[in-house]
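Structure, as structure tokens:
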Amino acid sequence: MSTPISLAEARALLLSPLGPVARAGQDASRPRVSFEFFPPKSDEAEANLWKAIQRLAPLNPAFVSVTYGAGGSTRERTHRTVERILSETTLQPAAHLTCVEAGREEVDAVIEAYKASGVKHIVALRGDPPGGNGIGGVYQPRADGYANATELTAAISRVGGFDITVGAYPEKHPESPSIDHDIDVLKAKVDAGATRAISQFFFDMDAFLRFRDRVRAAGVTIPLIPGIMPVSNFAGLQRMGGACGTAIPDWLKAHFDGLDDDPETRKLLAASVAAETCARLQEEGFRDFHFYTLNRADLVYAICRVLGVREQATG
């Protein structure tokens, strides 16, 4: 949830000799953070994932989410990862669930399985269109399936006992005709039982803040959590941004220009950009941040330190 700053607070920020990152270090409040992971495909990837989880777990995140491939393509790996988090850590897992390429009975069985295993939080997403084109491709719901994330959210609500997170697109979903339509969809998901929304990653701060203001003006009061992706692979970032409708600004491209063979500098730049984004959002009243970790801990850990998030005993 974010609380707009007062005029006096805004004036103090303008007059401060410090930048937003330095000011974040002076903030006595501790923001809430959460982390997204994806299920590993190999033993080596699983080892790397657990190194990341073990590094970030002492930061005491509000929850950690585990992604779920379209049509259940990672279902078993997602379940194994969620169950291991439940059995081997004190972290609260939020299991992703999609409805693409799946019938209602199949999806309902997954919801029940999550509930039986002790999962209390589901991230409800429609999922990417099949065929390898990703989001923005042609989507056709199955006749026997849930048509979208709103119907999926309602199905989870009917089972009951879950905290339900949904997605939000501050720069417009690639398949949407307008931001207004996106906000109507978000309102419908709230009516269906959604308890929080996490945004797609973004770099245009003004676009995100305009979206926040329009969401609140539309009467949506659930927490809107900014999704932060500190990516050091700029080519990969361009592909992801193009697929999900995230604008990649020229200034960011200039930062990474000529650094194809310099991964260490790219990592430093990625952490710097993400830290400043979070610090500025903190000054805009945001106290929750969701990090798309890509199963790596180093950049996210550093950014959390900037925000004042320190290790806490997890039991």
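Identify all residues within region 64-76 that are modelled with pLDDT under 90 and in a loop (DSSP other than H, G, I, E, B); write none if there are none.
Step one: of region 64-76, the residues modelled with pLDDT under 90 are 68-76.
Matches in region 64-76: Tyr68, Gly69, Ser73, Thr74.
With respect to Gly236, determine if the residue is outside any loop (DSSP other than H, G, I, E, B), closer than 13 Å to Phe202 by Cα and modelled with pLDDT under 90.
Working: outside any loop (DSSP other than H, G, I, E, B): yes; closer than 13 Å to Phe202 by Cα: no; modelled with pLDDT under 90: yes.
Judged against the criteria, Gly236 is not a match.
Of all residues in region 77-127, how many are over 23 Å from Ala188 (Cβ atoms), part of a loop (DSSP other than H, G, I, E, B) and open to solvent by less than 10 Å² (accessible area, probe 1.4 Å)?
Residues in region 77-127 being over 23 Å from Ala188 (Cβ atoms), part of a loop (DSSP other than H, G, I, E, B) and open to solvent by less than 10 Å² (accessible area, probe 1.4 Å): 1 in total.
Restricting to region 140-184, what's the tally of residues that are open to solvent by less than 50 Å² (accessible area, probe 1.4 Å), in a helix (DSSP H, G or I) and closer than 22 Å to Thr67 by Cβ?
Total meeting the criteria: 10.
Can you name the condition, by its number, that Asn295 falls short on among (1) of a type in the set (S, T, N, Q); (2) touching a helix residue (DSSP H, G or I) at 6+ places or on another chain (Cβ under 6 Å); (3) farther than 26 Å from Phe63 by Cβ?
(3)
Please work out which residue is modelled with the lowest pLDDT, limiting yourself to region 277-312 and to residues that are assigned to a helix (DSSP H, G or I), of a type in the set (D, E, K, R) and over 25 Å from Gln54 (Cα atoms). Quick ask: steps written out before the conclusion?
Restricting attention to region 277-312, the residues satisfying the condition of being assigned to a helix (DSSP H, G or I) are 277-283, 298-306.
Checking the rest, the ones that are also of a type in the set (D, E, K, R) come to 280, 283, 298, 305.
Going one step further and asking which of them are over 25 Å from Gln54 (Cα atoms), we end up with 280, 283.
On the way: Arg280: 92, Glu283: 89.
Within region 277-312, the match that is modelled with the lowest pLDDT is Glu283.
Could you grab me the full set of residues in region 169-198 that are among the polar types (S, T, N, Q) and either within 23 Å of Pro141 (Cα to Cα) or free of Cβ contacts under 8 Å to residues at least 24 places away in the same chain (or both)? Please lay out each step first, then the result.
Going residue by residue through region 169-198, those that are among the polar types (S, T, N, Q) are 176, 178, 195.
Residues satisfying the conditions are Ser176, Ser178.
Given the residues Gly285, Gly241, Gly245, Gly258, which is the only one that is crowded, with 18+ Cβ neighbours inside 10 Å and at positive phi?
Numbers: Gly285 fails: crowded, with 18+ Cβ neighbours inside 10 Å; Gly241 fails: at positive phi; Gly258 fails: crowded, with 18+ Cβ neighbours inside 10 Å.
One residue alone meets the criteria, Gly245.
Could you please let me know if Asp288 is closer than 30 Å to Asp191 by Cβ and among the acidic types (Asp, Glu)? Spell out how you get there, then give the answer.
On the way: closer than 30 Å to Asp191 by Cβ: yes; among the acidic types (Asp, Glu): yes.
In short, yes.
The values are calculated or read from the model by the stated rules, or taken from the named source; none is laboratory data. Because the structure is a prediction, the values reported are computed rather than measured. In this analysis, Cβ positions are derived from the backbone assuming ideal geometry, glycine residues included, and neighbour counts consider all displayed protein chains. For accessibility, only protein heavy atoms count, side chains too; no ligands or nucleic acids. Shrake-Rupley method; radii C 1.70, N 1.55, O 1.52, S 1.80 Å.
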